[in-house]
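Worksheet for the structure shown next.
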């Protein structure tokens with residue numbers, strides 16, 4: 001059946017990317033990205049997580065699927081156009097991974113409060129086994145640091161059969177990097193995927209320049 005609204009997908013892509021550009025200070029990644037089909041398994045602590053993963057796939061030029069709770073797709077059915085699948089459609093997700101797509105699965109099942117990992121569901125590992133593709137732990141933090149807007153960091157781990165252990169390990173490394181870094185600078189060793197919104201402190205606007213001129217403060 002022909003697509004009755006072929007314009008909808010690029011409009012949705014623009015909307016998602018605009019949300020990221022205006023709502024985040026940027027997106028950064030560290031680690032080796034899969035070159036073919038894989039199951040990406042991140043922790044889930046923020047509303048932004050799905051959008052951040054979608055942006056990473058666009059940036060990398062990867063085909064993409066993401067398992068999403070059914071109620072979300074009932075509210076926003078157009079998200080299917082950018083790779084969203086109902087959480088129960090694991091066989092379809094496995095076919096996508098087998099055909100070369102990145103399939104993002106939040107093994108905690110839902111957004112969790114920041115802190116230790118919740119109990120992991122087996123779906124991500126099942127899809128990886130069924131598709132014969134790597135299961136990749138992804139540490140993901142969307143955090144307020146020294147700027148005006150939150151920043152997103154992804155740390156991509158190595159293929160694993162022990163998802164819980166590998167995800168805890170990658171999260172520990174990322175959290176240590178965040179804790180020991182200069183909060184006004186991007187994390188060392190991370191590659192910027194997307195330039196986000198500048199903080200007010202990054203540029204001197206015209207009222208500030210005018211006040212400087214009037215007061216003579218230097």
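Taking every alpha-carbon pair in segment 67-126 and binning the separations at 10 Å intervals from zero gives 21, 49, 27, 2 percent.
For the chain, the alpha-carbon coordinates run over 69, 46, 30 Å along the three principal axes, in decreasing order.
Only beta bridges with both residues in the chain are counted; by DSSP, about 35 percent of them are antiparallel.
The slack between residue 74 and residue 199, meaning 0.36 nm per residue of separation minus the straight C-alpha distance, is 41.5 nm. For the chain, the longest principal axis of the alpha carbon atoms and the long axis of helix 206-215 meet at an angle near 20°.
Could you compute the FRET efficiency for residue 13 and residue 214, with r as their C-beta to C-beta distance and R0 at 35 Å, rounded to 0.05? Intermediate values should be presented prior to the final figure.
Numbers: r = 45 Å, r/R0 = 1.30.
For residue 13 and residue 214, the calculated efficiency is 0.15.
For the pair residue 22 and residue 175, a Förster radius of 30 Å applied to the C-beta separation gives a FRET efficiency near 0.65, rounded to the nearest 0.05. Between helix 163-180 and the chain there is an angle of about 10 degrees, using the helix long axis and the longest principal axis of the Cα atoms. Note on residue 143 and residue 63: the model spin-label points, each 7 Å out from Cα along the C-beta direction, lie 3.5 nm apart.
If you count, for each residue, the other Cβ atoms within 10 Å and average over each peptide, how do 135-144, 36-45, 11-20, 159-168 line up from highest to lowest?
Working: 135-144: 22.4, 36-45: 24.1, 11-20: 14.1, 159-168: 16.5.
Result, highest mean first: 36-45, 135-144, 159-168, 11-20.
What translational diffusion coefficient, to the nearest whole µm²/s, does segment 94-181 have by Stokes-Einstein, given a Kirkwood radius computed over alpha-carbon pairs, a temperature of 10 °C and 1.306 mPa s viscosity? It diffuses with D of about 112 µm²/s by this estimate. Size of segment 60-102 from its Cα atoms: along the principal axes, largest to smallest, the extents are 28, 22, 11 Å. Put in line by how crowded their Cβ is, counting other Cβ atoms within 10 Å and starting with the fewest, 106, 64 read 64, 106.
Readers should treat all values here as calculations from the given coordinates under stated rules, not as data from a laboratory. Because the structure is a prediction, the values reported are computed rather than measured. Methodologically, a virtual Cβ is constructed for each residue, glycine included, from the backbone with ideal geometry; neighbour enumeration extends over all protein chains shown.
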